[in-house]
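Colleague: Submitted below is the structure of interest, expressed as structure tokens.
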Amino acid sequence: MQPTHVGLILFNGLIWTGDEQLPHAEALAVNNGRIIAVGSSAEIKRDYSSDNYIDLQNKRLLPGLHDSHMHLIGTGMMLRTVDLVGCKSISELSGRFLSFEQNREQAEDKKESFLIGRGFLQDEFIEARMLDRNDLDAISAERPVVAVRACGHVLVCNSKLLRMVGIYKGFGQVAGGEIGYDSDGEPNGILSELAMDLVYALMPPPSEAEIKDAIKKAAAECQRTGITTAHTNDFGSKDWDLYHRAFAAVASEGDLKLRLNHQILFDKPEDVVSFVSWRKEHASAYGLDPEYFCYGPVKVMCDGSLGGRTAALSEPYADAPDTCGVAILKREMIVSILNEAYSHGFQLCGHAIGDAAIIDLIEAIGEVVPPEKRPAARSRVIHAQITTPGILKRMRELHIHCDIQPPFVATDYAIVASRVGREKAVTSYAWATMRHMGITTSGGSDAPVEPLNPFYGIYCTVTRQTAAGEPPGGWLPDECLALEEALRLYTYDGAYAAGNEDIVGRIKPGQYADFIQLDRDIFDIPHNEIKEIRVLTTWVGGEIVYKNAHEI
Ligand SMILES: [Zn+2]
């Protein structure tokens, strides 16, 4: 029989396919952006011919990786602000602001008078205290300065900014948020949850050009780190035209070869209705290719973060007995938003970290989705950090899928017991328990909250340690996943979360030709080296979208 002519043949590789019927292979044939055959080098070369052969040189090939929850534009925007990730002291934080300012272009300096930094964690400061307005006043007294905590749920502003916002002694509180005051009743600059909107309302919104630039930068970073599908939450109740224009502009320049599944955040049911009618009338005009731009679930925001003590707990914080955190939406409101979304055919998901928020969210989902529809609905809890055996059992009953972020273990492990008490700590971040119970899970970064690099995420999944290897042996090591499970978490399971497992996530005939070639064999190195893995080449739809210039 004559060999069939195809667009591309890759051979001589160490392929982990993620396909249980044929887990390991050496070669594959690709045509029109899809994988059409997988097998040994001899089989593929016998049955297919091509003008385009790639010798994989015995390197490891994996399916393209999935990030099941991140913020693409936020990740790109992060590159435009002062990076405060990993600051070990308040003085290091000040130093980073000052050197960012020195390096900034004059023109941009004039345009943007706000000084914005993101990514600090006060638990890492040697001063062992929270940042406050006095620290930021030392950076600038004349210009508004804001430092956003890594979780994005708490920020600190300087005195100039407090005056601009109009927060003064005796100002009080705002619903759904918290404004911090010192012992004299003066505002200390610390704002959380909806109180942060007072600051954001004053910031010049990013221009279309800035959004476009952020999309481009973050998409390139995904391709570089091996992510070929990203579930991203970039927009919510407004500015739909602006975001679609920006995505369409990047796509038209050929820079959006990344499969994006958009999680859309709403805080009122009416906004879901408006979006649906906007989408019907306007969305197609942007000409976005549905293979690379599709609408995923409607998302609700149920609480804040554990580090910021805004995750909604069912009991007071062990280290702050006057607060149970912030439940952003009442359960009735969660139900009415999700109900509207479900009636328009949307998948459902919500951000929930504290046990009280998780209960509100899953019970709301239980009210909205009829029992016989639950298995196929794949309703999702994003984060799902503070859990009890009872909550996990209920998740299983309700067929809830969890989008977990293994890097949170590394960031949070040292504070979990002090925030929620030891008893609840040991049943939380229960990634292996969930899977053993039959709760489906998929892996992600929540970038820019945690680093985007999925190999860091896979490392955290198998070790439950920080990059520095803390704690020895891993935190609650029974909750580590085996390497193959971790790879599944970032491939097939990410596809499953979106209901796309028949078209992406595996190296299997019929699937999109999305795969990555690594600089070393992930199966043949110590676990602590996984985070150092570099991607040599990334293919999306059979096209090379990234090639590591240094290594080849
Ligand atoms: Zn998020």
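Here, each number is a calculation from the coordinates, and none is a lab measurement. Here the structure is a predicted model, which is why all the values come from computation and not from measurement. Positions of Cβ are generated from backbone atoms using ideal geometry, with glycine treated the same way; all protein chains shown enter the neighbour counts.
Colleague: Note down the nm distance, to one decimal, between modelled labels 7 Å out along Cα→Cβ at S183 and at K373.
Modeller: 5.6
Colleague: Relative contact order for the chain: what percent, with Cα pairs under 8 Å and sequence separation of 6 or more?
Modeller: On the way: 1223 pairs, mean separation 91.2, N = 552.
This gives 17 percent for the chain.
Colleague: Out of the DSSP beta bridges found with both residues in region 208-496, what percent are antiparallel (nearest 5)?
Modeller: On the way: 1 of 24 bridges.
Rounded to the nearest five, the antiparallel share is 5 percent.
Colleague: Could you compute the net charge surrounding F120? Neighbours are other residues with a C-beta less than 11 Å from the C-beta of F120; K and R count +1, D and E count -1.
Modeller: Working: positive: K88, R96, R118, R149; negative: D83, E92, D123, E124, D135.
Charge balance near F120 sits at -1.
Colleague: Treat the count of other C-beta atoms within 10 Å as a stand-in for reagent exposure and order Y490, Y286 from fewest to most. Numbers along the way, then the final one.
Modeller: Numbers: Y490 30, Y286 18.
Lowest count first: Y286, Y490.
Colleague: Note down the nm distance, to one decimal, between modelled labels 7 Å out along Cα→Cβ at Q173 and at D322.
Modeller: With each label point 7 Å from Cα toward Cβ, the separation is 1.0 nm.
Colleague: By a straight-distance test (C-alpha under 18 Å), which aspartates and glutamates pair with K169 as possible cross-link partners, with residues fewer than eight away in the same chain excluded?
Modeller: Partners found: D132, D137, E178, D182, D184, E186.
Colleague: Continuing with the same structure: Taking the chain as the reference, fit the longest principal axis to its C-alpha atoms, fit the long axis of helix 90-103 to the helix C-alpha atoms, and give the angle between the two in degrees, 0 to 90, nearest 10.
Modeller: The angle comes out near 70 degrees.
Colleague: When DSSP assigns beta bridges and you keep just the ones with both residues in region 113-200, what percent turn out antiparallel, to the nearest 5? Please report the intermediate quantities before stating the final value.
Modeller: Working: 10 of 15 bridges.
Of those bridges, close to 65 percent are antiparallel.
Colleague: Okay, moving on. Work the Kirkwood hydrodynamic radius out for region 288-422: mean of 1/r over every pair of different alpha-carbon atoms, inverted, in Å. Walk me through the intermediate numbers first.
Modeller: Values: mean 1/r = 0.0650 Å⁻¹.
Here the Kirkwood hydrodynamic radius works out to 15.4 Å.
Colleague: So how strong a dipole does region 113-200 carry about its Cα centre when Lys and Arg Cβ are +1 and Asp and Glu Cβ are -1, to the nearest 20 debye? Before the final figure, lay out each step's value.
Modeller: On the way: 8 positive and 13 negative charges, 63 e Å.
In debye, rounded to 20, region 113-200 gives about 300.
Colleague: Determine the percent antiparallel among the DSSP beta bridges restricted to the chain, to the nearest 5.
Modeller: Values: 33 of 75 bridges.
Among the beta bridges of the chain, antiparallel pairing accounts for roughly 45 percent.
Colleague: Can you tell me what percent of all Cα-Cα pairs in region 208-496 are more than 31 Å apart?
Modeller: Values: 11450 of 41616 pairs.
In whole percent, the share of Cα-Cα pairs in region 208-496 beyond 31 Å is 28.
Colleague: While we're here: Viscosity 1.002 mPa s, temperature 20 °C: what is the translational diffusion coefficient of region 27-134 from Stokes-Einstein with a Kirkwood Rh over Cα pairs, rounded to a whole number of µm²/s?
Modeller: On the way: Rh = 19.0 Å.
So the translational diffusion coefficient is about 113 µm²/s.
Colleague: Taking N as the number of residues in region 11-62, what is its alpha-carbon radius of gyration divided by 2.2 N^0.38 Å?
Modeller: Rg over 2.2 N^0.38 Å, computed on Cα atoms: 1.05.
Colleague: How tilted is helix 240-252 with respect to the longest principal axis of the chain? Cα atoms for both, answer in degrees (0 to 90, nearest 10).
Modeller: 40
Colleague: Sorting K547, K160, K212, K373 on the 10 Å Cβ count, fewest up front, what's the list?
Modeller: Numbers: K547 15, K160 18, K212 21, K373 12.
Ascending Cβ contact count within 10 Å gives the list K373, K547, K160, K212.
Colleague: While we're looking at this one, here's another question. For a label point 7 angstrom out from the Cα of N548 toward its Cβ, which stretches of region 370-412 have the backbone nitrogen within less than 11 Å?
Modeller: none
Colleague: Further question: Measure nothing fancy, just the Cα-based angle from helix 331-343's long axis to the longest principal axis of the chain, in degrees from 0 to 90, nearest 10.
Modeller: Long axis of 331-343 versus the principal axis of the chain: about 30 degrees.
Colleague: Quick one: net charge of H344's neighbours, Cβ under 15 Å, K/R +1, D/E -1?
Modeller: Working: positive: K268, R279, K280, K299, K373; negative: E270, D271, E281, E340.
So the surrounding residues net to +1.
Colleague: Distance in nm between label sites at E397 and A128, each 7 Å beyond Cα in the beta-carbon direction?
Modeller: 4.4
Colleague: Rounded to a whole number of µm²/s, how large is the Stokes-Einstein D of region 113-200 at 4 °C and 1.567 mPa s, given Rh as the Kirkwood radius over C-alpha pairs? It would help to have the intermediate numbers written out before the result.
Modeller: Numbers: Rh = 12.9 Å.
In µm²/s, the coefficient rounds to 101.
Colleague: For region 407-442 and region 181-250, what is the centre-to-centre distance using only Cα atoms, to the nearest Å?
Modeller: 28
Colleague: For S49 and S89 in the same chain, what is the full-extension length gain: residue separation times 0.36 nm, less their Cα-Cα distance, in nm?
Modeller: Going from the current span to full extension adds 8.4 nm.
Colleague: Among 297-307, 186-196, 361-371, what's the highest-first ranking by average C-beta atoms within 10 angstrom per residue? Intermediate results must be reported in sequence, preceding the final value.
Modeller: Details: 297-307: 26.5, 186-196: 21.8, 361-371: 19.3.
Sorting 297-307, 186-196, 361-371 by mean packing, highest first, produces 297-307, 186-196, 361-371.
Colleague: Give me the net charge of M437's neighbourhood, meaning all other residues with Cβ under 10 Å from the Cβ of M437; Lys, Arg count +1, Asp, Glu -1. Write out the running numbers ahead of the final one.
Modeller: Working: positive: K393, R396, R435; negative: none.
Summing Lys/Arg as +1 and Asp/Glu as -1 gives +3.
Colleague: Another question, if that's okay. What translational diffusion coefficient, in µm²/s and rounded to a whole number, does the Stokes-Einstein relation yield for the chain at 25 °C and a viscosity of 0.890 mPa s, taking the hydrodynamic radius as the Kirkwood radius over Cα pairs? Don't jump to the answer; show the numbers that get you there.
Modeller: On the way: Rh = 24.3 Å.
Taking Rh from Cα pairs, D becomes 101 µm²/s.
Colleague: While we're on this one: Please work out how much length the chain gains when fully extended from A467 to F523, using 0.36 nm per residue of separation minus the C-alpha to C-alpha distance, in nm with one decimal. Display every interim value, and only then the final one.
Modeller: Values: separation 56, 0.36 × 56 = 20.16 nm, distance 1.89 nm.
Additional length available on full extension: 18.3 nm.
Colleague: For region 208-496, calculate the relative contact order in percent as a whole number, restricting contacts to Cα pairs under 8 Å that are 6 or more residues apart. Display every interim value, and only then the final one.
Modeller: Working: 523 pairs, mean separation 38.5, N = 289.
Normalised by residue count, the contact order of region 208-496 is 13 percent.
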